[in-house]
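The values are calculated or read from the model by the stated rules, or taken from the named source; none is laboratory data. Because the structure is a prediction, the values reported are computed rather than measured. Here the Cβ positions follow ideal geometry from the backbone for every residue, glycine too, while neighbour counts run over all protein chains shown.
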Protein chains: 2
Amino acid sequence: MKKVAIGVDIGGTNTAIGVVDDLGNVMVKDNIVTPSHGDIDRYINELAQAIRELIKSVKLLNTDIEILGIGIGAPNGNYYTGTIEYAPNLSFRGVVHLVKLLQNQFPELQTIALTNDANAAAMGEMIYGGAKGMKNFVMYTLGTGVGSGLVVNGDLVYGHDGFAGECGHTILIPGGRMCGCGTPGHLEAYCSASGMKRTAFELLVKYNANDSLLSDKSYRELDSKMIFEAAEKGDKVAIEVFELTGKWLGQGLADTVHYLSPEAIFLFGGPTAAGDYIFKPTKESMEQHLLPIYQNKIKILPSQLKQGDAAIVGASALVYKELEKIEQI
Amino acid sequence: MKKVAIGVDIGGTNTAIGVVDDLGNVMVKDNIVTPSHGDIDRYINELAQAIRELIKSVKLLNTDIEILGIGIGAPNGNYYTGTIEYAPNLSFRGVVHLVKLLQNQFPELQTIALTNDANAAAMGEMIYGGAKGMKNFVMYTLGTGVGSGLVVNGDLVYGHDGFAGECGHTILIPGGRMCGCGTPGHLEAYCSASGMKRTAFELLVKYNANDSLLSDKSYRELDSKMIFEAAEKGDKVAIEVFELTGKWLGQGLADTVHYLSPEAIFLFGGPTAAGDYIFKPTKESMEQHLLPIYQNKIKILPSQLKQGDAAIVGASALVYKELEKIEQI
């Protein structure tokens, strides 16, 4: 009997669905459009249909399959209530009872669980990735924004209301750059992939660097991959972008250590592909900002989740975590 | 049978010891000098002697007493190892195996536990005070420094090494005031009682306020109580000290919420005696800095622990928490 879990990642434009084996490999996957029409019942029917198709196809591959459950990652997904609440980039209004609606579709499944995407990534790291066996660690996802998932004593930190772990929205520089949420100075405005783009253009302006490899890109098109490629070619502006991003991120991670003293902090997302360009200055800056009792103890590690599948894999990990909890009772 | 716990608070100059009943009342208490000679064996003998005297005297009050254990709060106290590690304001060198040394003195006691003073205060709030029944809350102690104790899912956050919860040393204003630890810009440098004094003198300078009630105090003598008394008399500088302190503290507490989304944040220490002078601007600033999903949900509350006894009472609460854990196994 092969045991598998279904992972669902609800994004602003697409919903990715996959069947994941117990080693974190995606066996089959599919995508449906996350609707802009806001009709939740229609969406749930489409989602359930897609899940059923995937189950069917995976059972063709292997007849001896047990489906353990469904894990879902979604913006503003609330673990406690199984609801998505007022997610700014989804078309559904108010509070959507996602878990309940899916339970109606799949009454045979014992476990359907929901959380936000960064928490799901942290669970993926713990169940299948580099955080196996760790009881205290933190996951930062660096993308358009900065998400975070905190694990304390082996459990995700959900807080009293299910919404803990929005470390991207802590203040790094009071009165600084405007964050996507409308408040100035958040870590996300500096350390996300978009933040790196902003830093690049700040430096182009500062040095009037018409000779930089980044100077022929429009504001809209520049991304963290281009900055990495330019850094590899020795572009000074690009290299300084990584140094500054690392300096800022290290400051933020030091705060994280002063809160939680985790065994490791995992970084996930596009900018981490740059390896030492980002990890080295981040580590240096973090160490500089740490109290002596924490120095040279906390690891900063690249996530071991595969970039493309991480959201599905992370969501599916929720199922294993739930089953672990049920076993403990 | 009356069950009691012993609380020990090890400070830089004094060690306070008390026998605490199950409602958090101190029945008897005593003080010994925390030595500057660094001789740990001599100190342990003196401490054990003082504890035995207190047990004797409490058994004279009530013959039907059961001693449940000893809880200790100490700077850099490590719960996992039972050691005090390199505490900057204690004379003991290196790593002191405090719990083991006390177990040798009291082999009859099942539970001897150690943590730092702010964690002990958080436990006091949870076992005897305003956080009864709360599973997710945070305690900030505002004194010479700023300590913090984080409670997640009903347990203190110790981190992977026992040292989590140093939120006073997170960065509030990069490059700002020098913190006692030697790093600029920490929350402690702004929001502690000493931080308030610094703010007062900054404002005296800014306004050249020779008419302020605070202008006849030396830098060394001014304290948060004097600032409160001046504010009550309408002193503009003193009132602005509270407004600024609240603005800064609220910014820091918003970060705390973005990390942990606690049900409540408790404030303890001298400055909290000023009531609305400090709570109102803190609350306003926190709300301004919160993401919408957290707004108007998180309480900021005064600690219900009695100022004078809180350290002993908090330390004794560790014993109840340990017994709770043993019962669960």
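Here are the numbers for this structure:
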item	result
Looking only at region B:27-76, and only at residues there that are small (Gly, Ala, Ser) and at negative phi, the one that is surrounded by the fewest Cβ atoms within 10 Å (Cβ to Cβ)	B:36
Subset of region A:151-210 (residues that are acidic (Asp, Glu) and more than 8 Å from every other protein chain (Cβ to nearest Cβ))	A:188, A:202
In region B:294-315, the residues that are assigned to a helix (DSSP H, G or I) and touching a strand residue (DSSP E or B) at 6+ places or on another chain (Cβ under 7 Å)	B:310, B:311, B:312, B:313, B:314, B:315
Qualifying residue in region A:283-292 (condition: facing another protein chain (nearest Cβ under 8 Å), surrounded by fewer than 24 Cβ atoms within 10 Å (Cβ to Cβ), touching a residue at least 12 places away in the same chain (Cβ under 8 Å) and outside any helix (DSSP H, G or I))	yes
Extreme residue, nearest to residue B:126 (Cα to Cα), among residues of region B:246-282 that are within 14 Å of chain A (Cβ to nearest Cβ), in a helix (DSSP H, G or I) and hydroxyl-bearing (Ser, Thr, Tyr)	B:256
Total residues in region A:145-180, condition among the hydroxyl-bearing types (Ser, Thr, Tyr) and either without any contact (Cβ under 8 Å) to a residue 40 or more places away in the chain or closer than 16 Å to residue A:262 by Cβ (or both)	2
Subset of region B:181-238 (residues that are free of Cβ contacts under 8 Å to residues at least 12 places away in the same chain, under 23 Å from the mean Cα position of the chain (by Cα) and surrounded by 13 or more Cβ atoms within 10 Å (Cβ to Cβ))	B:184
Residue among A:95, A:146, A:138 that is surrounded by fewer than 24 Cβ atoms within 10 Å (Cβ to Cβ), within 14 Å of another protein chain (Cβ to nearest Cβ) and either of a type in the set (A, V, I, L, M) or in contact with a helix residue (DSSP H, G or I) (Cβ under 9 Å, 6 or more places away or on another chain) (or both)	A:95
Criterion violated by residue A:239 - all others in (1) farther than 17 Å from residue A:189 by Cβ; (2) assigned to a loop (DSSP other than H, G, I, E, B) satisfied	(2)
Failed condition for residue B:11, given (1) modelled with pLDDT under 95; (2) surrounded by 12 or more Cβ atoms within 10 Å (Cβ to Cβ); (3) over 24 Å from residue B:91 (Cβ atoms)	(3)
Test: residue in region B:94-102 that is over 19 Å from residue B:161 (Cα atoms) and modelled with pLDDT of 95 or more	yes
Residue list for region A:151-208, restricted to those being of a type in the set (Asp, Glu), over 22 Å from residue B:292 (Cα atoms) and not in a strand (DSSP E or B)	A:202
Any chance residue B:122 is surrounded by 24 or more Cβ atoms within 10 Å (Cβ to Cβ), under 15 Å from the mean Cα position of the chain (by Cα), at pLDDT 95 or above and closer than 15 Å to residue A:260 by Cβ	yes
Boolean, residue B:162 is surrounded by 24 or more Cβ atoms within 10 Å (Cβ to Cβ) and of a type in the set (Gly, Ala, Ser)	no
Residues (under 20 Å from the mean Cα position of the chain (by Cα), over 23 Å from residue B:281 (Cβ atoms) and not aliphatic (A, V, I, L, M)) located in region B:162-180	B:162, B:163, B:165, B:166, B:180
Members of region A:77-89 that are buried (at least 21 other Cβ atoms within 10 Å of the Cβ) and at positive phi	A:82
Some residue of region B:311-320 being crowded, with 22+ Cβ neighbours inside 10 Å, within 14 Å of chain A (Cβ to nearest Cβ) and closer than 28 Å to residue A:80 by Cβ	no
Residue B:115 vs. criteria within 24 Å of residue B:180 (Cβ to Cβ) and surrounded by fewer than 24 Cβ atoms within 10 Å (Cβ to Cβ)	no
Single unsatisfied condition, residue A:270 versus (1) modelled with pLDDT of 95 or more; (2) within 30 Å of residue A:30 (Cβ to Cβ)	(1)
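Yes/no matrix, rows are residues, columns are (1) touching a Gly at 6+ places or on another chain (Cβ under 8 Å); (2) under 11 Å from residue B:266 (Cα atoms); (3) at pLDDT below 95:
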{"position": "B:89", "(1), (2), (3)": "yes, no, yes"}
{"position": "B:105", "(1), (2), (3)": "no, no, no"}
{"position": "B:135", "(1), (2), (3)": "yes, no, no"}
{"position": "B:138", "(1), (2), (3)": "yes, yes, no"}
